[in-house]
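A short write-up of the structure that comes next.
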Amino acid sequence: MLVVFVLLAILPLLTRSDYVTHILILILIWSFISTAWAYMGRFGIVSLGHGAFLGIGAYVSSLLFNYYGISPWLGMIIGGIAAALFAGILGYACFRFGVIGDYFALVTLAVGEMVALLIIAFREVTGGSLGFTIRNLNNAPLYFQFTNKIWFYYISLIFLLIALYVWKAIDRSRMQKALRAIGEDEIAASCLGVRIVYYKLMVTVISAFMTAVGGVLYAQYVTYLNPHTLSGVGISLAIPFKAILGGMFDLWGPTIGTALIVSLEEYIRIAYGTKYIGISEMAYGLALIVLIIFLPKGLYGTIREKVEGRRAYL
Amino acid sequence: MVEQVLNAAVNGLLLGGVLALLAFGLNLIFGVVKIIHMAYGQFVMLGFYLIYALTVQLHVPLLISCIIAVAAMGALGVVTQYLLIDPLLNAPRLNQLLALAGLIIIFENLAMVIWGADYRGIPIHFPILNFGSLYLRSSCLFAFFGALATLALLYVFLHKTYLGLAIRAVAQDAEVAQTMGINSRTIYFVTMGAGGALTGIVAAFFTPIYTVHPHFGSSFTIMAFIIVVLGGMGNLLGGFISAFIIGIVTSISAVLTTTEIADIIALLIFVLVMLVRPQGILGTRVA
């Protein structure tokens, strides 16, 4: 474990290439977000609407900065709270009325699309489909803007570590036991006196808050916001994709899945993207389907199972 | 204003007929194969492009190219079942969903590669009918009655043939159906093939009404989902009625507000139905 951390800490110093650093930053930010998604996903609360939280976080923070000059560091917390409140209302309604499983996935999918449409509908403020650019201050650490990518790398790394720590903290808490019981059999858990709505709501709110923070990270890094890349069906499905392909039941699963997907995306884009527009995306879609058919437990999950299986055999 | 709303209501009603057909296919697949077909609208998009390519680019007569498209989309449905859904039948629901989402990426970019991002339409001109202050596109009228006729045929197929009975049996309980000598895997292939052919038919009815572009399908997938949920998943009659409700509501709200707000209203209906009445307007709650 320590080796991994040390390696992650010195990686950008080893490469000295802006491009590689850029890819690493993208991996870290999206790992953070897909880890936050997996807080819920691994207990069987499958949300297909995390684009909503991502969009709320990013837009709240960036609009506050552009219009009122509020620092994105503060905006990150405000955006996170806004997303958490939204998740709280949505989650309470869903869990109170017993919307679970597929139905929960579909409701959240619709909500993610609704937020994207709302962002487009209020185009006077948000720029609509064209998106908008965050005001450029060059190098202003207090306003979360850096000219050197290396800062973004270390900040995203710290955030990812926080996300992994929160995962561990959830694991150690009563919440984990309650949610596992709920995931196994919701009715049985409720009969044993587990407060279903309370625990599910807790984990949803935490996940939404973290996802919104991830949205702010991403927005600050690319300094451009667009409803199609930050909200809506596409991104809402892309987040669970990463977590599942890595293995959403394992601490490092979402991170490994993200590294795999982002590298794959980049590789296909570099190798074929300029020559055949569209074909590279088709190859990407095909790769996703093949991976999901042949690695249903995710990359990390499958490897771990193999290793543990061998150990048990010996 | 009143005239506009009235016009929108009538056009929404006509659109509802085609939407009912679209939702029927999605509902059938959900009811029988028990998967949520995320890429259903993209099937319609591909069918549309196929008709476009055959008539405009290869100068095949429209009717023949529609028939070819229906057959090709049926075949595509079977291929999808074989390559994608069959291997994932016992996988977690989420994996099935995401694999089909991967199919969306492939289909949309396939259309992008072959036909580009431009809007493509088939130049057939149906006259516009005029009843007082009411203006009707006869193409919509044609699509409406065509969709209703197709639905009637489907109803007869499901209720009067042995294969239809087998499909309904698998929809009710695949395991028990198997003990009655029905091969449910074969039925899955039949259903996916029929569902695919339906998208070809929907595409044929859409050709005089819309123009197609690579992202044409996604809004129809969402629309079909909303209808299916409103009517109750697996409930075909409920889906039929709610198609008209959604058709009318969206086209009236599109006239009164913007298209985005109209879509938001439709999605809001979806979410509220899910929360308050997940069994749909006609369904009965199963414990």
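None of the figures in this text is laboratory data; all of them are computed from the coordinates on show. Bear in mind the structure is a predicted one, so any value in this text is a computation, not a measurement. With ideal geometry, Cβ positions are generated from the backbone for all residues, glycine too; neighbour counts draw on all protein chains shown.
Miscellaneous remarks
- Estimated [θ] at 222 nm from DSSP helical runs (n ≥ 4, -39500 (n - 2.57)) normalised by residues in the protein assembly as shown, nearest 500: -25000 deg cm²/dmol
- For the segment A:112-122, counting C-beta atoms of other chains within 10 Å of every residue's C-beta and taking the mean gives 4.
- When peptides A:93-104, A:251-262, B:110-121 are ranked by their average number of other Cβ atoms within 10 Å per residue, the highest-first order is A:251-262, A:93-104, B:110-121.
- Under-5 Å amide H pairs with B:LEU136, H placed in peptide plane, nonlocal only: B:LEU129, B:ASN130, B:PHE131
- Note on segment B:42-174: along the principal axes its Cα atoms extend 54, 42, 30 Å, ordered by decreasing extent.
- Relative contact order (percent, whole number), segment A:1-148, Cα cutoff 8 Å, 6+ residue spacing: 24
- Taken residue by residue and averaged, Cβ atoms of other chains lying within 10 Å of the Cβ of A:277-290 number 6.
- Amide H contacts of A:TYR224 (H built 1.01 Å from N, in plane; Pro and chain starts excluded): A:ILE134 sit under 5 Å, all sequence-distant by 5 or more or on other chains.
- Span-rule helices in chain A, defined as complete DSSP H runs reaching 15 Å or more along the axis (Cα) with Kyte mean at least 0.5: A:2-15, A:18-41, A:50-68, A:72-96, A:101-121, A:149-172, A:196-222, A:233-246, A:253-268, A:279-294
- Surface/4 estimate of mean projected area, convex hull on alpha-carbon atoms of the protein assembly as shown, nm²: 30.5
- When only Cα pairs below 8 angstrom with a gap of at least 6 residues are kept, segment B:18-84 shows a relative contact order of 20 percent.
- Along segment B:126-131 the Karplus relation, 6.51 cos²θ - 1.76 cosθ + 1.60 evaluated at θ = phi - 60°, assigns HN-Hα couplings of 8, x, 9, 8, 9, 10 Hz to successive residues, with x for each Gly and Pro.
- Classification of segment A:177-254 by its C-alpha gyration tensor yields a prolate form. The axis ratio a/c (a ≥ b ≥ c) is 1.5 or more, and a/b outweighs b/c.
- Highest to lowest packing among B:12-25, A:159-172, scored as the average C-beta count within 10 Å: B:12-25, A:159-172
- Rounded to the nearest 20 debye, the dipole magnitude of segment A:127-238 is 260 debye, with +1 charges on Lys and Arg beta carbons, -1 on Asp and Glu beta carbons, and the Cα centre as origin.
- Per residue Cα convex hull volume in Å³ - calculated over segment A:19-230: 112
- For the protein assembly as shown, lysine pairs separated by 8 or more sequence positions, or belonging to different chains, with Cα-Cα distances below 24 Å total 15.
- A:GLN145 long-range amide H proximity, modeled H, under 5 Å: A:ALA140
- Approximate shape of chain B as ellipsoid semi-axes (Cα gyration tensor, √5λ), whole Å, largest first: 29, 24, 18
- Alpha-carbon spread of segment B:127-250, three principal axes, descending order, Å: 59, 31, 24
- Whether segment A:1-58 is rounded, prolate or oblate, judged on the alpha carbon gyration tensor where a/c under 1.5 counts as rounded: oblate
- For segment B:1-99, a Kirkwood hydrodynamic radius built from all Cα pairs, placed in the Stokes-Einstein relation at 20 °C and 1.002 mPa s, yields a translational diffusion coefficient of 135 µm²/s.
- Taking a ≥ b ≥ c as the square roots of the eigenvalues of the Cα gyration tensor, an a/c ratio of 1.5 or more together with a/b no larger than b/c marks segment A:8-138 as oblate.
- Using the average count of surrounding beta-carbon atoms within 10 Å as a protection proxy, the listed peptides B:254-266, A:210-222, B:125-137 rank, highest first, as A:210-222, B:254-266, B:125-137.
- Residue-wise HN-Hα coupling along segment B:156-172, computed from phi with Karplus coefficients 6.51, -1.76, 1.60 (Hz; x: Gly, Pro): 4, 4, 6, 9, 10, 10, 5, 4, x, 4, 4, 4, 5, 5, 5, 4, 6
- Peptide B:104-115, shielding by other chains (average Cβ, 10 Å cutoff): 5
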